[in-house]
Amino acid sequence: MLVIVIENAPPRLRGYLSRLFLELRAGVFVGNYSAKVRERVWATIQKSIGEGNGVLAWTAPNDAGFDFETCGTNRRVPVLLDGLKLCALCPPVDPGGPVQGPGDQPNEVEKSVGSLTIT
């Protein structure tokens, strides 16, 4: 199973995806295709996304049962933590300030869960 979510995408890209997938909600597409088709569709999305952003999730034989990739400008950035792919949330970008990535966050709040420290 494939799930694609796109935001602020050009109408041409949405039209392309609607030919191949079922659009459950605006910008949310689902289908059941092979890995080869998934890679070709994702390459098209990356090339055509423009100012928008997108995420592709699919079933995978790992501990989580799925895997995902992202493209475009988004505050959610994939990170690997002990072999699990999670999403880090970057702080909002100040229009007049520098762009911040996941490693540039100030340590305002620290929470400890077992041996894992979340900042």
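The values are calculated or read from the model by the stated rules, or taken from the named source; none is laboratory data. Given the structure is predicted, the values throughout are model-derived calculations rather than measurements. Cβ sites come from the backbone with ideal geometry, for glycine too, and all protein chains shown count toward neighbours.
A few points about this structure:
- The residues in the range 1-56 that are outside any strand (DSSP E or B), touching a strand residue (DSSP E or B) at 6+ places or on another chain (Cβ under 8 Å), more than 21 Å from residue 85 (Cα to Cα) and among the charged types (D, E, K, R) can be counted, and the count is 2.
- One residue stands out in the range 25-83 among those that are within 16 Å of residue 5 (Cβ to Cβ) and among the basic types (Lys, Arg): the one that is nearest to the chain's Cα centre (by Cα), namely 76.
- Single match in 99, 113, 77, 109 (criterion: at pLDDT below 85, out of contact with any Leu (no Cβ under 7 Å at 6 or more places or on another chain) and under 28 Å from residue 29 (Cβ atoms)): 77
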